[in-house]
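Each reported figure results from applying straightforward, stated rules to the coordinates on display, with no laboratory input. Treat the numbers as computed from the prediction; the structure is a model and nothing was measured. Note: ideal-geometry Cβ built from the backbone for every residue, glycine included; neighbour counts use all protein chains shown.
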Amino acid sequence: MLMDMELTEIEAFVKIAECGNFTRAAALLHISQPAISRRIELLERDLEAPLFERLHGGARMTAGGEAFLPFAQRILAAVRDSVAAVRDLKSGDHGSLSLAIVGTLASTTLLHRLTSFRVDYPGVRMALRTANSNEVSRLVRTGEAQLGLRYFEDVSPGLESALVARERLVIVSAQGSAIVSSDARKAIDLAEVPWVSFPVGTGSSGEPFAREMDRYLAGMGLADADRIEIDSLTAQKRMIEADFGIGMLLESAVSEEVRLGTLRLLDIEGFEGSAPVYLVRRTGGYESGAIRTLIARLTG
């Protein structure tokens with residue numbers, strides 16, 4: 001049965017699982033919808049189990065699909081590893097690498113480490129792509145990226161995480177805010193002000209930030225502060241600029257708004273917040289000389 005499985009069938013299954021939609025997955029794979037449906041039918045026949053429930057406007061994995069997904073992702077990652085290993089035989093000890101990174105990290109000192117690496121190893125082919133933290137982990141897990149830089153540790157099976165930095169969290173309000181005084185310096189000065197935050201319980205990349213914010217607010221005696229939950233960083237900043245509330249955000253995420261004068265930093269006594277940045281790699285994944293050197297640069 002295993003020999004009957006085609007790599008294209010497994011690739012189609014993983015893409016549909018990611019998209020939740022046959023039509024969108026087919027477009028991303030540059031094939032027709034009948035073709036991708038046929039691939040799934042063949043795979044389901046080989047596995048002797050349905051992998052998806054066809055719904056109006058989408059698809060939902062069955063229990064069999066959920067059980068098969070992590071193994072399918074590993075198969076694709078192993079194939080990508082094998083291709084990279086062969087290619088690196090032609091390019092010497094340092095080979096190539098692909099890195100997925102959360103976009104806001106491009107405004108931190110980690111970018112200097114990446115720039116330094118590129119200057120020191122100009123022959124290395126470095127492919128960069130940006131994504132949110134959850135997507136960074138997915139890209140590494142499937143082998144679409146060999147390394148990832150994300151916020152907060154990912155303890156999922158098959159991934160290894162190493163702390164490489166901590167980024168400062170800042171408290172911000174609208175410039176000229178009417179809901180918080182310009183001379184607010186103590187936590188008590190923020191007692192009646194709502195906080196714009198990510199929601200908890202969604203599984204989104206922003207949820208760890210919401211939990212971290214809750215922890216800091218509890219330490220400031222503001223555990224009961226009102227929340228305005230928004231699962232979009234851009235929308236949060238626009239709400240804060242419109243003076244609906246204040247926020248606790250990454251310094252890199254608000255640097256442009258602070259520079260333009262639409263947001264201002266609140267210097268609250270005793271508050272020193274930060275968010276951890278982790279390097280993620282796939283357990284047992286292929287690592288070229290370039291990857292090992294970059295890991296050393298980032299973790300050293």
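Across segment 231-245, in residue order, what do the Karplus-derived ³J(HN,Hα) couplings come to in whole Hz, using 6.51 cos²θ - 1.76 cosθ + 1.60 with θ = phi - 60° and x for Gly and Pro?
3J(HN,Hα) across segment 231-245, in whole Hz: 8, 7, 4, 4, 5, 4, 5, 5, 5, 5, 4, 7, 6, 7, x.
Tell me, what is the percent relative contact order of segment 2-76, built from C-alpha pairs under 8 Å that lie six or more residues apart? Show your work: numbers first, answer last.
Working: 74 pairs, mean separation 25.3, N = 75.
Relative contact order for segment 2-76 comes out at 34 percent.
Consider just the alpha-carbon atoms of the chain and return their Rg together with their Dmax, both in angstrom.
Rg then Dmax for the chain, in Å: 22.7, 71.
Give me the angle, in degrees from 0 to 90, between the Cα long axis of helix 251-260 and the longest principal axis of the Cα atoms of the chain, rounded to the nearest 10.
Here the helix axis deviates by roughly 60 degrees.
For Cα pairs less than 8 Å apart in space and 6+ apart in sequence, what is the mean separation divided by the residue count of the chain, i.e. the relative contact order in percent? List each step's numbers first, then the result.
On the way: 485 pairs, mean separation 65.8, N = 300.
Computed value for the chain: 22 percent relative contact order.
Residue by residue through segment 33-45, what is 3J(HN,Hα) from phi via Karplus (6.51 cos²θ - 1.76 cosθ + 1.60, θ = phi - 60°)? Round to whole Hz and write x for glycine and proline.
Listing the rounded values in order: 5, x, 5, 6, 5, 5, 4, 5, 4, 5, 5, 5, 5 Hz.
Got a sec to turn the phi values of segment 288-300 into Karplus ³J(HN,Hα) couplings, 6.51 cos²θ - 1.76 cosθ + 1.60 with θ = phi - 60°, whole Hz, x for Gly and Pro?
Result, rounded to whole Hz: 6, x, 4, 5, 4, 5, 5, 4, 4, 5, 6, 9, x.
Could you order peptides 197-203, 252-258 by the average number of other Cβ atoms within 10 Å of their residues, highest first? Mind showing how you got there, number by number?
Numbers: 197-203: 15.1, 252-258: 18.0.
With the highest mean Cβ count within 10 Å placed first, the list reads 252-258, 197-203.
To make sure I understand, if each residue's beta carbon is the centre and we count other beta carbons within 10 Å, what order do T130, T262 fall in, fewest to most? Provide the component values of the computation, followed by the final result.
Working: T130 15, T262 18.
Lowest count first: T130, T262.
Ranking request for peptides 183-190, 230-237: highest mean number of other beta-carbon atoms within 10 Å first, then the rest in descending order.
So the peptides 183-190, 230-237, ranked by packing, come out 230-237, 183-190.
Using the alpha-carbon centroid of each, what span in Å lies between segment 26-45 and segment 234-248?
Result: 43 Å between the Cα centres.
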